[in-house]
Amino acid sequence: MFPAHDSSVALRTKRSQQHWCVRASDPIMSESASDRAAPQDVLDELSNASSPPVPQLSSSTSSEDDKRQCWVCLNSDEDEEDAEELAANGPAEWVQPCKCKGTAKWVHRACLNRFIDEKRKVDDRVKCPQCKTRYIISAPKMGYLYSILDEVDMQVHRISPIVVGFMLAKAVYWCAVTHGAVTVMTVMGCDEGLSLLESSSPILLLLALPAIPTALILSKMICWEDRLWLTMRNHYAKIPFMRYILPSFAPTSQGPMERLPPLFSNVCGERTLSGALLMPSIAALVGRLLFDSVENNLHRTLLGGLTFVAVKGVLKIYLKHQRYMRVCRSVIMNYPKRPESQQSDGPA
């Protein structure tokens, strides 16, 4: 295994033996046999040098399973060599709680306890996030009182979201009932609406009043302006006198399809909800301003609401069409190039 080393050692041994060889004819080497013997330390050194060195295996050549690294805090055995930390907390305890292999199977017991405590707030059955193995937790048995209280606490924890959802639904329901009653009084007038509510059956009111804001919201979600605008664009040539009434709706070169804006506008939840709930008040206000001669409050409010919806729809169609044409006719221009004289005078 080490040929060069063996040859050099053999040569040194041979020369040393020749040097310490006893010759009777040599006057200098006429001492006793003990004086003529080679020193023992030199022979030991030569015998040790004649054997090749045995390589020692370091800890770095161990398998990956022997390398421990906590997957929670990402600390390994090398990171825990701090004398102050060991003196304060003691050596960390390692565990293998799941089916993971390699360095991922090791974790500090303290880190795993913190991980399990956090996960138990969501689900009592804690699993390994890598291999999905459920941890086996051994706990001492407690008394019956503890078991009963623990079960009650767990059931309360599970039922709490249901109770909160029920309370929120109840609050929304009574808000809808209140808004329905206010809508009736706004549309029909305060006196007529109040007398109608008093003369009606309570069960009928509890069923009919929440349906009023629900119907308003659903009607607001119908984008009839977009449908009408699209119909006018598609059947522009078939509608008589359309080119004289709305000349801006004439078909133009629209370019490639990727440049065209969306035909239908996105529904905004906040805008839909606010517009639907405010619609009865706006209708009553427009009715009083434009149709004050109508004596019936219900008819006046209906006329005001229809007028508001019609005017708003026409203006919305016009705005949508102008935006559509503006996007279709927009062109991305090239960046203007500076003259060479200005480029040379500019900063480097």
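The values are calculated or read from the model by the stated rules, or taken from the named source; none is laboratory data. The model shown is predicted, which means the values in this text are computed figures rather than measured ones. Please note: Cβ atoms are built from the backbone with ideal geometry, for glycine as well, and neighbour counts cover all protein chains shown. Side chains included, ligands, DNA and RNA excluded: accessible areas come from the protein's heavy atoms. Shrake-Rupley method; radii C 1.70, N 1.55, O 1.52, S 1.80 Å.
If the cut-off is a Cα-Cα distance under 21 Å, which lysines reach residue 127, setting aside same-chain residues fewer than 8 apart in sequence?
Reachable lysines: 99, 101, 105, 119.
What accessible surface, in Å², does a 1.4 Å probe find on residue 74, ignoring ligands, DNA and RNA and rounding to the nearest 10?
It works out to around 110 Å².
Can you give the accessible area of residue 199, probe radius 1.4 Å, in Å² rounded to 10?
The value for residue 199 is about 90 Å².
Taking residue 220 as the anchor, which lysines have their alpha carbon closer than 19 Å to its alpha carbon, excluding any fewer than eight residues away along the same chain?
Counting by Cα, and skipping residues close in sequence, residue 220 has these lysines nearby: 312, 316, 320.
Put 224, 71 in order of accessible area, largest first, 1.4 Å probe: what do you get?
Ranked list, largest accessible area first: 224, 71.
What FRET efficiency comes out for residue 155 versus residue 123 if R0 is 22 angstrom and r is the Cβ-Cβ distance? Round to the nearest 0.05. Walk me through the numbers before you get to the answer.
On the way: r = 15 Å, r/R0 = 0.68.
E between residue 155 and residue 123, to the nearest 0.05, is 0.90.
Compute the accessible area per residue over segment 95-179, keeping the other protein chains in place, probe 1.4 Å, unit Å².
Numbers: 6820 Å² over 85 residues.
Accessible surface, normalised per residue, equals 80 Å².
Suppose accessible area is computed on protein heavy atoms with a 1.4 Å probe; arrange 233, 323 from highest to lowest.
Greatest to least solvent exposure: 323, 233.
Largest first, what is the accessible-area ranking of 312, 127 with a 1.4 Å probe?
From most exposed to least exposed: 127, 312.
For residue 164, what accessible area in Å² do you get when you roll a 1.4 Å probe over the heavy atoms of the protein chains, rounding to the nearest 10?
90 Å²
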